[in-house]
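Q: Before I ask anything, let me first share the structure, which is written out below as structure tokens.
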Amino acid sequence: MSSNQPSRRSFLKLTAATGGGLLLGFSYLTSCRNEKTAQAAPELVMPEEWVTVNAFLKIGENGVVTIMSPNPEIGQNVKTAMPMIVAEELDVDWKNVVVEQAPLDTENFERQLAGGSQSIRHGWEPLRKTGATARHLLVAAAAQRLEVDAGELRTENGIVYHDGSDRSLGYGELASLAATLPLPEEVTLKDPKDFRIIGNAKKNVDAKKIVTGQPLYGLDLQREGMKYAAIVHPPAFGMALKSVDDAKAKSLPGVHSVVTIDAHPEGFEPQWSDVNAFPKLVAVVGDNPWTVMQARKALKVEWERTSPAESSAMHRAALERLLDEGEAEVARRDGDPEGAFSTAATVVERTYYAPFLPHNTMEPMNFFADVREDGAELVGPIQTPEFLRKSVSALLGMPEENIRIMMTRMGGGFGRRLYGNFGVEATLISQATKVPIKLVYSREDDMTQGTYRPEYLVRYRAALDGDGKLTAFHVRGTGAGESPVFPNRFPAGTVDNYLAENLVNDSNVSTGAWRAPRSNFIAGAEQAFLDEVAEAAGKDPIAFRLELFDRAISNPVGEENDYDAERYAHVLSEVRDKSGWTDGDRRGVAAYYCHNSYVAQVLEAEMVNGQPRVKEVHCVVDCGIVVNPEGAHNQVEGGIIDGIGHALYGAITFEDGRPQQQNFDTYRLIRHNEAPTAIHTHFVENGIAPTGLGEPSLPPVVGALANAIYRVTGERVYDQPFAAPRELKG
Amino acid sequence: MATINLTVNGQQRQVDVDPEMPLLWVLRDELQLVGTKYGCGIGSCGACTVHVDGIAMRSCNLPVGNLSGEAITTIEGLSENGDHPVQLAWLEHDVPQCGYCQAGQIMTAASLLANSPDPDDAEISASMNGNICRCGTYTRIHAAVKTAAKKLS
């Protein structure tokens with residue numbers, strides 16, 4: 001019997017269950033057949049029968065356990081880490097665990113979203129309780145079968161032991177009885193010192209499939225009768241579709257149809273996730289991706305201008321004008337900053353800039369949609385399936401319960417797939433053509449669609465007294481659609497006189513969250529600025545920061561400071577020690593707090609052919625308990641390399657509203673020989689519940705890099721990208 | 001449209017397509033070999049790397065009509081059981097994050113090691129430079145290539 005064809009017993013509908021939402025009916029499991037369970041762990045003998053214990057768990061008669069991973073997987077490795085948490089409290093042997101991606105199921109799962117580095121932080125308690133609840137039921141079942149008190153039983157690696165009578169029962173033998181028992185009111189969670197799975201390195205559960213090229217991604221999905229769609233969006237921001245002549249394109253071999261769709265029709269109320277600069281599109285539907293990408297060249301499309309054509313020079317001038325003259329929103333004021341600046345011995349003022357950035361996930365946007373009269377099925381890479389379903393429901397006029405969404409593994413997210421315009425577009429194309437379709441963006445579609453990291457400009461001022469003590473601090477920031485300033489982050493709380501101001505620039509270039517939103521810019525600016533302030537004060541950059549933290553620990557200014565100064569100072573002093581930092585060190589240092597985690601880095605740069613190159617990075621991270629050290633190291637290393645790459649090379653620029661970079665021949669991403677040769681990561685062990693890890697290592701490395709460049713060149717860098725442009729080649 | 005005979009992963013395959021269609025899309029949509037990925041379509045990112053007569057090439061800009069005589073190997077055919085030394089090294093170093101670019105990275109590395117079994121750091125970097133990884137797994141890729149080289153020598 002095939003392991004992914006659930007037997008009759010695994011459809012057991014447990015209507016008696018109440019409380020916690022754990023024991024509901026699970027007929028949706030039939031939708032998971034595209035997940036080839038047997039291939040996930042070929043060394044396992046798959047069970048003949050599965051018993052569904054709860055939404056997260058199926059237990060086979062031979063003790064093999066399937067754990068559903070609820071959240072979307074974008075490369076942050078939650079598909080390994082979240083099931084590890086369940087498995088820990090369930091007390092099973094990780095070798096006997098098979099992981100499957102759960103579909104969108106808001107009745108049984110909470111917060112099925114990949115964003116803000118929050119999956120593990122929010123999932124920690126519920127996932128532990130899920131595992132512990134199932135374990136409790138299995139122990140209760142064993143107590144019944146062995147006719148002993150549950151208190152006399154213990155579990156280990158998927159087996160319930162009664163030491164008193166030297167008897168034992170495997171979870172597989174107990175699952176069907178356990179699934180009929182009442183849920184406990186409360187469960188006891190393990191003492192972290194007894195953890196056997198959490199804190200031990202586990203390999204990525206999809207690694208075998210990845211290295212053998214098995215279908216995993218949205219782009220890989222194929223269905224009987226499915227057609228492909230390619231879209232044509234306006235060539236510039238501020239333009240919209242006027243008319244289309246599709247006669248020639250329609251006549252080409254392999255072309256099925258050409259349709260026009262509108263993702264934001266009159267009366268549609270966009271949610272936050274409906275960012276879309278080009279809601280009205282032309283779509284070509286045909287036999288395969290290449291055919292439709294070719295055929296769309298035969299379309300004769302007329303565009304019209306709906307708002308002014310913007311250029312990068314105009315953007316920069318507007319940001320500077322705002323900083324110079326704009327009336328700002330005061331986000332925080334402590335003491336008398338103006339007075340302190342007027343009496344300062346030294347004032348340091350610097351301005352920092354970063355450009356718009358596309359996300360450039362390696363897997364371009366794509367989505368499968370099959371819209372029928374009575375329901376819709378959507379499958380693909382989406383960080384926010386719940387929000388996509390809301391948008392699709394509104395546009396189709398179809399109840400949410402008739403719309404089924406399955407998330408595929410994603411070839412990168414970085415925030416881009418929080419905004420499901422491509423899923424909406426696929427839905428509307430399927431609705432218009434009445435066939436199941438998969439929309440595939442070309443790289444050019446993807447890079448020029450917008451939803452970019454906003455460009456930012458921030459100006460800092462610091463006042464020092466005659467002893468080099470920081471007496472006032474002023475941050476005034478602006479950006480496209482948002483200000484990058486976090487008013488209550490460090491150094492707020494460390495200085496008596498403090499002012500944080502926000503200004504927002506309007507632009508028709510659409511923007512969205514990009515790995516560590518706002519932090520990805522402001523951390524680098526702030527940490528580069530503090531380096532200069534420390535230098536002006538005649539102090540070591542680490543010692544200068546630690547003095548500020550001392551103030552925040554002993555006598556903080558204000559009550560709204562959103563960081564723990566002791567944890568912050570600790571990562572900084574740890575990185576000083578781990579990196580062997582010395583007086584007059586020629587490396588760059590930075591520390592930052594975001595996504596509830598603390599990161600400090602020391603970075604060594606060198607100049608190669610007149611361009612900066614990173615040699616080595618030391619990194620100390622406090623993200624509380626590390627669930628999976630293997631994945632955690634990988635995330636931190638990736639964030640560092642990603643951050644270095646974008647700070648050195650990343651920029652999308654505009655002329656006449658048109659993105660000037662459209663593919664990797666003109667847009668430069670960091671490459672193998674530009675990555676550091678060594679990254680040394682150390683995690684602080686403090687037993688605190690886990691916090692974010694997918695994003696926090698990226699923001700500070702921009703500052704560490706800027707400071708390291710100064711150490712080796714003697715010149716400060718203020719504008720990203722830091723590296724001079726060069727001829728790109730493939 | 002034309003009927004084209006291909007040798008893919010040691011098997012004779014026949015497709016009826018426009019000879020201008022790049023090999024990438026033939027592999028993915030005609031032969032259901034989706035391990036080879038689309039990343040840029042202009043040979044700039046390496047996600048679509050396959051071996052043509054043992055040489056790493058970008059399948060996204062190789063017209064399929066030119067390939068009837070050559071032996072094409074994709075990630076699916078790199079080894080019988082996913083146990084090519086490069087694949088094993090990738091598992092040992094737990095290289096993938098999102099994983100999307102890794103088939104191309106592995107095909108490039110396997111080609112490098114087939115031609116230069118004991119490359120130094122500079123040679124590894126130079127050879128792997130055409131394969132982009134947005135997740136930033138380069139240090140692990142580098143270490144995995146070295147591990148695979150040791151296993152092969």
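Q: Find the residue count for region A:401-419, including only residues that are more than 23 Å from the chain's Cα centre (by Cα) and either in a helix (DSSP H, G or I) or among the polar types (S, T, N, Q) (or both).
A: Looking only at that region, the number is 2.
Q: Taking only region A:620-667 into account, find how many residues are away from every other protein chain (no Cβ under 14 Å), charged (D, E, K, R) and under 21 Å from the mean Cα position of the chain (by Cα).
A: So the first thing to find is which residues in region A:620-667 are away from every other protein chain (no Cβ under 14 Å), and the list is A:620-627, A:651-660.
Now narrow it down to the ones that are charged (D, E, K, R): A:622, A:655-656, A:658.
Narrowing the set further to residues that are under 21 Å from the mean Cα position of the chain (by Cα) leaves A:622.
Total meeting the criteria: 1.
Q: Right, here's the next one. Please enumerate the residues belonging to region B:111-135 that are crowded, with 20+ Cβ neighbours inside 10 Å and either within 10 Å of residue B:149 (Cβ to Cβ) or charged (D, E, K, R) (or both).
A: B:112, B:113, B:124, B:134
Q: Would you pick out the residues in region A:529-568 that are among the hydroxyl-bearing types (Ser, Thr, Tyr) and without any contact (Cβ under 8 Å) to a residue 12 or more places away in the chain?
A: Filtering region A:529-568 down to residues among the hydroxyl-bearing types (Ser, Thr, Tyr) leaves A:554, A:563, A:568.
Passing the criteria: only A:554.
Q: For a quick check of your reading of the model, give me the residue pairs whose first member lies in region A:371-388 and is more than 10 Å from residue A:405 (Cβ to Cβ), whose second is among the acidic types (Asp, Glu), with beta-carbon atoms closer than 7 Å and at least 6 apart or on different chains.
A: The qualifying pairs are A:381/A:363.
Q: Could you tell me which of the residues B:138, B:100 is facing chain A (nearest Cβ under 9 Å), buried (at least 24 other Cβ atoms within 10 Å of the Cβ) and more than 14 Å from the chain's Cα centre (by Cα)?
A: On the way: B:100 fails: more than 14 Å from the chain's Cα centre (by Cα).
The unique qualifying residue is B:138.
Q: Could you list, ordered by first residue, the pairs with Cβ atoms under 9 Å in which the first is in region A:214-229 and touching a residue at least 12 places away in the same chain (Cβ under 8 Å) and facing another protein chain (nearest Cβ under 7 Å) and the second is buried (at least 24 other Cβ atoms within 10 Å of the Cβ) and among the acidic types (Asp, Glu), at least 6 apart or interchain?
A: Matching pairs, first to second residue: A:217/A:363; A:219/A:363.
Q: Just for strands (runs of 3 or more DSSP E) wholly inside region A:257-345: which have at least 3 residues that are assigned by TED's automatic domain parsing to the domain that holds residue A:513?
A: Working: elements: A:280-286, A:300-305, A:329-334.
Answer list for region A:257-345: A:329-334.
Q: Within region B:8-120, considering only strands (runs of 3 or more DSSP E) that don't extend past its boundaries, which have at least 2 residues that are in contact with a Ser or Thr (Cβ under 9 Å, 6 or more places away or on another chain), among the aliphatic types (A, V, I, L, M) and closer than 30 Å to residue A:78 by Cα?
A: Numbers: elements: B:11-17, B:49-52, B:55-58, B:71-73.
Once the strands (runs of 3 or more DSSP E) in region B:8-120 are filtered for at least 2 residues that are in contact with a Ser or Thr (Cβ under 9 Å, 6 or more places away or on another chain), among the aliphatic types (A, V, I, L, M) and closer than 30 Å to residue A:78 by Cα, nothing remains.
Q: Turning to a different aspect of this structure: Identify the single condition in (1) more than 9 Å from chain B (Cβ to nearest Cβ); (2) part of a strand (DSSP E or B); (3) in contact with a strand residue (DSSP E or B) (Cβ under 6 Å, 6 or more places away or on another chain) that residue A:607 does not satisfy, given that it satisfies every other one.
A: (3)
Q: Looking at region A:120-164 only, could you name the residues that are among the β-branched types (Val, Ile, Thr) and farther than 12 Å from residue A:175 by Cα? Break it down stepwise before answering.
A: From region A:120-164, those among the β-branched types (Val, Ile, Thr) are A:120, A:130, A:133, A:139, A:148, A:155, A:159-160; that's our starting set.
Matches in region A:120-164: A:120, A:130, A:133, A:148, A:155.
Q: Here is a further query. Mind listing just one residue for me: the one in region A:420-447 that is more than 14 Å from every other protein chain (Cβ to nearest Cβ), assigned to a helix (DSSP H, G or I) and among the aliphatic types (A, V, I, L, M) and, of those, farthest from the chain's Cα centre (by Cα)?
A: Residues of region A:420-447 that are more than 14 Å from every other protein chain (Cβ to nearest Cβ), as a first pass: A:420-436.
Now drop any that are not assigned to a helix (DSSP H, G or I), which leaves A:421-433.
Of the ones still in play, those that are also among the aliphatic types (A, V, I, L, M) are A:424, A:426, A:428-429, A:432.
Values: A:424: 21, A:426: 23, A:428: 27, A:429: 28, A:432: 32 Å.
The residue in question is A:432.
Q: Next question. Would you check if there is a residue in region A:332-351 being away from chain B (no Cβ under 14 Å) and closer than 28 Å to residue A:416 by Cβ? Working first, answer last.
A: Let us first name the residues in region A:332-351 that are away from chain B (no Cβ under 14 Å), namely A:332-351.
So of that shortlist, the ones also closer than 28 Å to residue A:416 by Cβ come out as none.
Among the residues of region A:332-351, not one is away from chain B (no Cβ under 14 Å) and closer than 28 Å to residue A:416 by Cβ, which makes the answer no.
Q: Still on this structure: Give region A:672-685 a look and list any residue that's farther than 20 Å from residue A:520 by Cα, touching a helix residue (DSSP H, G or I) at 6+ places or on another chain (Cβ under 8 Å) and assigned to a loop (DSSP other than H, G, I, E, B), or say none.
A: A:677, A:684, listed by residue number.
Q: Looking at region A:334-343, can you tell me whether even one residue there is among the hydroxyl-bearing types (Ser, Thr, Tyr), on the phi < 0 side of the Ramachandran plot and in contact with a Gly (Cβ under 6 Å, 6 or more places away or on another chain)?
A: Keep residues of region A:334-343 that are among the hydroxyl-bearing types (Ser, Thr, Tyr), which gives A:342-343.
Now narrow it down to the ones that are on the phi < 0 side of the Ramachandran plot: A:342-343.
Of the ones still in play, those that are also in contact with a Gly (Cβ under 6 Å, 6 or more places away or on another chain) are none.
No, that holds for no residue.
Q: Go through region A:455-482 and report how many residues are among the polar types (S, T, N, Q) and farther than 19 Å from residue A:647 by Cα.
A: Initial filter on region A:455-482 (among the polar types (S, T, N, Q)): A:471, A:478.
Cutting the leftovers down to farther than 19 Å from residue A:647 by Cα gives us A:471.
Residues that pass the stated criteria total 1.
Q: Output the number of residues of region A:563-586 satisfying the condition of being assigned to a loop (DSSP other than H, G, I, E, B) and out of contact with any Pro (no Cβ under 9 Å at 6 or more places or on another chain). Steps first, please.
A: First, the residues of region A:563-586 that are assigned to a loop (DSSP other than H, G, I, E, B): A:563-564, A:579-586.
Applying the additional criterion that residues be out of contact with any Pro (no Cβ under 9 Å at 6 or more places or on another chain) yields A:563-564, A:579-584, A:586.
Residues that pass the stated criteria total 9.
Q: If you don't mind, another one. Take region A:654-690 and flag every residue that is among the hydroxyl-bearing types (Ser, Thr, Tyr), more than 30 Å from residue A:442 (Cβ to Cβ) and crowded, with 20+ Cβ neighbours inside 10 Å. Working first, answer last.
A: Step one: list which residues in region A:654-690 are among the hydroxyl-bearing types (Ser, Thr, Tyr), which gives A:666-667, A:677, A:681.
Going one step further and asking which of them are more than 30 Å from residue A:442 (Cβ to Cβ), we end up with A:677, A:681.
Passing the criteria: only A:681.
Q: Further, regarding this structure: Can you work out which of the residues in region A:365-419 that are touching a Phe, Trp or Tyr at 6+ places or on another chain (Cβ under 8 Å), among the small types (Gly, Ala, Ser) and within 14 Å of another protein chain (Cβ to nearest Cβ) is farthest from residue A:102 (Cα to Cα)?
A: Here the answer is A:415.
The values are calculated or read from the model by the stated rules, or taken from the named source; none is laboratory data. Here the structure is a predicted model, which is why all the values come from computation and not from measurement. Cβ: placed from backbone, ideal geometry, glycine included. Neighbour counts: every protein chain shown.
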